[in-house]
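Remarks on the structure that follows.
Please treat every number below as a calculation from the coordinates, not as lab data. Just so it is clear, the structure is predicted and the values come from calculations on it, not from any experiment. Positions of Cβ are backbone-derived with ideal geometry, glycine not excepted, and every protein chain shown enters the neighbour counts.
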Protein chains: 2
Amino acid sequence: MRVAVDAMGGDKAPHEVVKGSVLAAQQFSDSEIVLVGDEKVIQRELNIYGADPKNIVIHHAPQVVGMDDPATYSIRQKTDSSITQSVKLVANGEASAVVSAGHTGATVAAATLHLRTLNGIRRPGIAITLPTRHGICLIIDVGANIACKPTHLFQYGVMAAVFSKYIYGIENPKIGLLNIGEEDAKGNDLAKETFALLSSSHLNFVGNVEGREIFDNKADVVVCEGFVGNVMLKFAEGIAMSLLSTIKAEAMKSFWSRLGLGLCKPAIEKLRAKMDFSEYGGAPLLGVNGVCIIGHGRSDSKAIQNAIKLALQLSKNEVNEHIISEVEKTNSLIANVT
Amino acid sequence: MRVAVDAMGGDKAPHEVVKGSVLAAQQFSDSEIVLVGDEKVIQRELNIYGADPKNIVIHHAPQVVGMDDPATYSIRQKTDSSITQSVKLVANGEASAVVSAGHTGATVAAATLHLRTLNGIRRPGIAITLPTRHGICLIIDVGANIACKPTHLFQYGVMAAVFSKYIYGIENPKIGLLNIGEEDAKGNDLAKETFALLSSSHLNFVGNVEGREIFDNKADVVVCEGFVGNVMLKFAEGIAMSLLSTIKAEAMKSFWSRLGLGLCKPAIEKLRAKMDFSEYGGAPLLGVNGVCIIGHGRSDSKAIQNAIKLALQLSKNEVNEHIISEVEKTNSLIANVT
């Protein structure tokens, strides 16, 4: 199995991306990793690790999509970028999966354009795994699609249910709809129409889920519009970082609490690890015809290694094939819905 | 000045509401508080504090809106509820402000129906004050209006700017638009059209603000759709509570970190206070013709006291009058926009 890795993508590229790829190549010796990007730069990074692992190859791509490039511009003008070339390897059948921690919008645009959607799927969505009090919760979509219709949200539920089952081993995952109240009739038109679709499907739909209930494991999967998911997630990152730095600043004000903070450090570090997206190895873009994993911009080598692991799991467990057959079951349900 | 307080609203009503009202009556001896709700119940609570403060009166309202009652039902069927009767005191000119920690939807519905909107305002919005790294940030709307149009978002910006100026003393508040990226052209149609309106207005518009930037004080006011604001805020509450309980659970696992936690306690308590909505005394429903403060369901006596204080400040500083004159300046701008 071959995984194309965008070696130039992410705040810590290429160093941490190449390092993570080397670690993954060692861990998964029966798979091959294609590092996509500037050949010379990648080779220089690989030299740090002595003899190249045999299962790493380089695919030259001279251009890089900057974090400030508009997604559409990157697609039209930078056809030789590491992102587009990585995706094309999957589109041409030369790799089964792509991993990028680069520009999310450009990755989504390239994947949607070159891989196209899976048979029956209307829009792809990014599914992120969030640590909760007693486990995890998958949130889909967190920003791939900001012109969301009820059928899109509904299909996100179907796709994420398959992902939960074949990746996390949750047999009949509970699907929730992010909403502003628990009652059935709550929310805007999008929420109400999606509620009706989810209710009449074969999914294990548990109804509306409010923001704070995500952490109570009321549902294994929570579906929401990409705009909402995106701002919510970034807000959560902001609040988590703000909380930790406030605790630190307050504790530094006195000798005793400074001592206390030192003693608490292992507990706080465990928490930081739990909040750390790198543990979960990136977020799959579900619904495209191929495996596409989007890493966090801050991905370090461990996050890249985990993202490659997730890409291999998705390929080996044939998650896309399962999505197609599950979505087929719901075709009659959404036939006449926008 | 008279403030009507819904004595039956909130998880800790009537006890904490009456207690907070007594505290406020003592603090603001030149104002009068009207406790609205079941006369006998309120009198029993007042008896705890010995002789009634002279500036507290009771207005009997036999019905209570339950937290599970749909908002529209409460308006149509429970016309003698403490919420509706409190709002009506303002509508009839018998009070200048209303405070309720009860059912938010019912309060918004009652206020919109009986007070109507301010001259020129299309939709009211709830503005919540969030503690940030270096101060505060006002987020509007967090759930009053879930069918939001560009003009509504724009007017939220105008209203919150007035509130920031006359309540927090921020002279020329920075107004931001919650969005999924920093570039001007980002986001859904609602965001793009609102961006255009805010850009061409007299407001101190600083552009798009991402979720995590709320804590960096990029803007003093962030406008967003009610649905988005509501789920984001509840998610943040969930994550904050989850973080604090995880730190505690982790720290309890060893003797040294347990000791450390004990020493850190003052720092964590300060943080909890900072996260505590009661410090900010509830959220104003801006845009209705009267002062309406919505308290958090968990409001204790201190939160109620602060909410009454905020209600008095809004009345005394003539915030609504300033809103009307500020909105007038923008009439030509939004004349032909939906």
Once A:K329 and A:N172 are pulled to full extension, the length gained, defined as 0.36 nm per residue separation minus their Cα-Cα distance, is 54.9 nm
Each residue of A:244-257 has, on average, a number of other protein chain C-beta atoms within 10 Å of its C-beta equal to 5
A:Y49 and A:K253 label points (each 7 Å along its Cα→Cβ direction) are spaced in nm at 4.7
Which residues qualify? For A:L138, with a placed amide H closer than 5 Å and at least 5 residues away or on another chain, they are A:L130, A:V221, A:V222
Output row for B:N47: copy-to-copy label distances, label 7 Å along Cα→C-beta, ascending, in nanometres, one decimal, is 9.0
If the label point sits 7 Å along Cα→Cβ of B:E39, residues of region B:74-96 with amide N under 18 Å come out as B:80-83, B:85-86, B:89
Expected max-MSF residue from B:I268, B:I136, B:I293 in the GNM of chain B (alpha carbon, under 10 Å) is B:I268
Highest GNM mean-square fluctuation among A:N47, A:N172, A:N145, for chain A with Cα springs under 10 Å, belongs to A:N47
With label points set 7 Å from each Cα along the Cα-to-Cβ direction at B:V57 and A:H134, the distance between them in nm comes to 5.2
Inter-chain shielding metric for B:104-111, i.e. average beta-carbon neighbours from other chains within 10 angstrom, reads 1
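Is there a simple number for the mean count of other chain Cβ atoms within 10 Å of the Cβ of residues in B:203-213, and what is it?
Going residue by residue through B:203-213 and averaging, the value is 3.
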Dividing the helical contributions, -39500 (n - 2.57) per DSSP H run of n ≥ 4, by the residues of chain B yields a 222 nm value, nearest 500 deg cm²/dmol, of -14500 deg cm²/dmol
In terms of the alpha carbon gyration tensor, root eigenvalues a ≥ b ≥ c, rounded if a/c is under 1.5 and otherwise prolate when a/b exceeds b/c or oblate, chain A is oblate
Here the FRET efficiency for B:D189 versus A:V337, based on Cβ atoms and R0 = 22 Å and rounded to 0.05, is 0.55
Descending packing, highest mean Cβ count within 10 Å first, for A:100-111, A:79-90 is A:100-111, A:79-90
For the B:T72, B:S200 Cβ pair and Förster radius 30 Å, calculated FRET efficiency rounded to 0.05 is 0.25
Output row for B:N217: copy-to-copy label distances, label 7 Å along Cα→C-beta, ascending, in nanometres, one decimal, is 4.0
With +1 on the Cβ of every Lys and Arg and -1 on the Cβ of every Asp and Glu, the dipole magnitude of the protein assembly as shown about its Cα centre, in debye rounded to the nearest 20, is 1040
Percent antiparallel among DSSP beta bridges confined to chain A, rounded to 5, stands at 25
Ratio for region B:82-122, C-alpha Rg to 2.2 N^0.38 Å, reads 1.10
At q = 0.10 1/Å the base-10 log of I(q)/I(0) from the Debye formula over the alpha-carbon atoms of the protein assembly as shown is -0.98
Gyration tensor on Cα atoms of region A:113-232, a ≥ b ≥ c root eigenvalues, a/c under 1.5 rounded, else prolate if a/b beats b/c, else oblate, says rounded
Once the dipole of chain B is set up from charges on Cβ (+1 Lys and Arg, -1 Asp and Glu), the residue from the list B:C292, B:G238, B:L203 lying farthest towards its positive end is B:G238
Final fewest-first order of B:E171, A:E210 on the 10 Å Cβ neighbour count is B:E171, A:E210
Inter-part gap, Cα centre of region A:293-318 to Cα centre of region A:3-70, in whole angstrom, is 13
A:H15 and A:N317 label points (each 7 Å along its Cα→Cβ direction) are spaced in nm at 3.4
A student applying the Cα gyration tensor rule (rounded when a/c is under 1.5; otherwise prolate if a/b is larger than b/c, oblate if not) would label region B:291-338 oblate
Any lysines whose Cα falls less than 29 Å from that of A:K78, other than same-chain ones fewer than 8 residues away, would be A:K12, A:K19, A:K40, A:K88, A:K234, A:K302, A:K309, B:K186, B:K192
